[in-house]
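Below: the structure, in structure tokens.
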Amino acid sequence: MKIYVINGPNLNFLGIREQGVYGNDTYEDLCMYINKEAKKLNVEVELFQSNIEGEIINFIQDAYKNADGIVINPGAYTHYSIAIFDAIKSVNLPTIEVHLSNIYKREEFRHKSVTAPACIGQISGFGFLGYKLALEALLK
Ligand code: DQA
């Protein structure tokens, strides 16, 4: 089983950006965590991060032929990218949306996800653990 794990804009700045919200761990720490948990679960993961909407869409489309499922944290694109919503719908692969922070506890503009309706479900507010939970959910 192969899962694409996609992180959107500014997630490469983990450990630098708003540490009170996202903590001190870096994007590299997140990648190590996901790789470690994937190994334990016996899942093959391919990690991808981009600040560019079109690159994220290209990677989602790449999953069509090359992956069995997707875990995606679209970052701020969550709240307005109909193009990412369409891409997830297009590939028709089981997809889970993850957010490190609890988006429903934050500013009102974060309360709406336009991408979540294209997904099986959403995990929000559990930090790195959310990615592991998403992999487990896809396995089930
Ligand atoms: C985020 C939440 C988004 O609202 C924000 O724009 C991000 C990160 C999260 O993981 O909590 O960049 O997706």
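List of remarks:
- Relative contact order for region 67-125, counting Cα pairs under 8 Å that sit 6 or more residues apart, in percent: 43 percent
- Placing +1 on the Cβ of every Lys and Arg and -1 on the Cβ of every Asp and Glu, with nothing else charged, gives the chain a dipole about its Cα centre of roughly 340 debye.
- Within the shell defined by Cβ-Cβ distances under 14 Å, the residues around Lys2 carry a net charge of -2, with Lys and Arg each +1 and Asp and Glu each -1.
- One Cα centroid belongs to region 117-136, the other to region 5-25; the line between them spans 16 Å.
- Low-density loop positions, GluC sites (Glu not before Pro), region 58-126 - DSSP coil, at most 16 other Cβ in 10 Å: Glu107
- For the chain, diffusion coefficient by Stokes-Einstein and Kirkwood Rh (Cα), 10 °C, 1.306 mPa s, µm²/s: 108 µm²/s
- Sequence of Val21, Val91 once ranked by neighbouring C-beta atoms within 10 Å, starting from the fewest: Val21, Val91
- Length-normalised contact order of the chain in % [C-alpha pairs under 8 Å, at least 6 apart]: 26 percent
- Cut-off 12 Å between beta-carbons: net charge of the residues surrounding Glu46, Lys and Arg +1, Asp and Glu -1: -2
- Estimated distance in nm for a label pair at Met1 and Ala83, the labels positioned 7 Å out from Cα along Cα-to-Cβ: 3.2 nm
- As a proxy for reagent exposure, ranking Val5, Val114 by other Cβ atoms within 10 Å from fewest up yields Val114, Val5.
Each value in this text was obtained by applying a stated rule to the coordinates, not by laboratory testing. Owing to the predicted nature of the structure, the values given are computational and were not obtained by experimental measurement. Glycine also receives a Cβ, built like all others from the backbone with ideal geometry; neighbour counts cover every protein chain displayed.
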